1. Kindly indicate the residue of region 12-25 that is assigned to a helix (DSSP H, G or I) and in contact (Cβ under 8 Å) with a residue 12 or more places away in the chain and also farthest from M68 (Cα to Cα) among those meeting that condition.
2. Give the residues of region 29-64 that are more than 19 Å from E4 (Cβ to Cβ) and in contact with a Lys or Arg (Cβ under 7 Å, 6 or more places away or on another chain), sorted by residue number.
3. Of the conditions (1) surrounded by 11 or more Cβ atoms within 10 Å (Cβ to Cβ); (2) at pLDDT below 95; (3) not aromatic (F, W, Y), L23 clears all except one; give me its number.
4. Looking only at region 26-55, filter to residues that are surrounded by 12 or more Cβ atoms within 10 Å (Cβ to Cβ) and outside any helix (DSSP H, G or I); which one of those is farthest from the chain's Cα centre (by Cα)?
Amino acid sequence: MEEEIKSEFRKAGFNLEEEDEILNKCMTFCINYSLSPADLVSNWEVYYLNRQLNEPTVQNAEMDGFLMHLQTNKKEEIIKEESNLHSYSIRDVEM
């Protein structure tokens, strides 16, 4: 999976600083948040643009901020899913 992640970053035009450490963290993010390498890199692009980072280099110093970005996205997904739930009451069911 690390090679796929590396390949996706390269396709998107990003270089990796401290490559082994970043790839290890990114692989963990993919597993923990059920992301494909392509989805992970798409999330990185959003993070990169929102933070207005100047260099197309993935830096280890940005990994904590990127993790927060992923956590926020996941939380928003869950809240959105939960808002579509319907609680049934006795009035909803005919007996």
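1. E19
2. None; the set is empty.
3. Of (1) surrounded by 11 or more Cβ atoms within 10 Å (Cβ to Cβ); (2) at pLDDT below 95; (3) not aromatic (F, W, Y), only one is false for L23: (2).
4. Applying the filter and picking the extreme gives L53.
The values are calculated or read from the model by the stated rules, or taken from the named source; none is laboratory data. Model, not experiment: these values are computed from the prediction. Cβ atoms come from the backbone with ideal geometry, glycine included; neighbour counts cover every protein chain shown.
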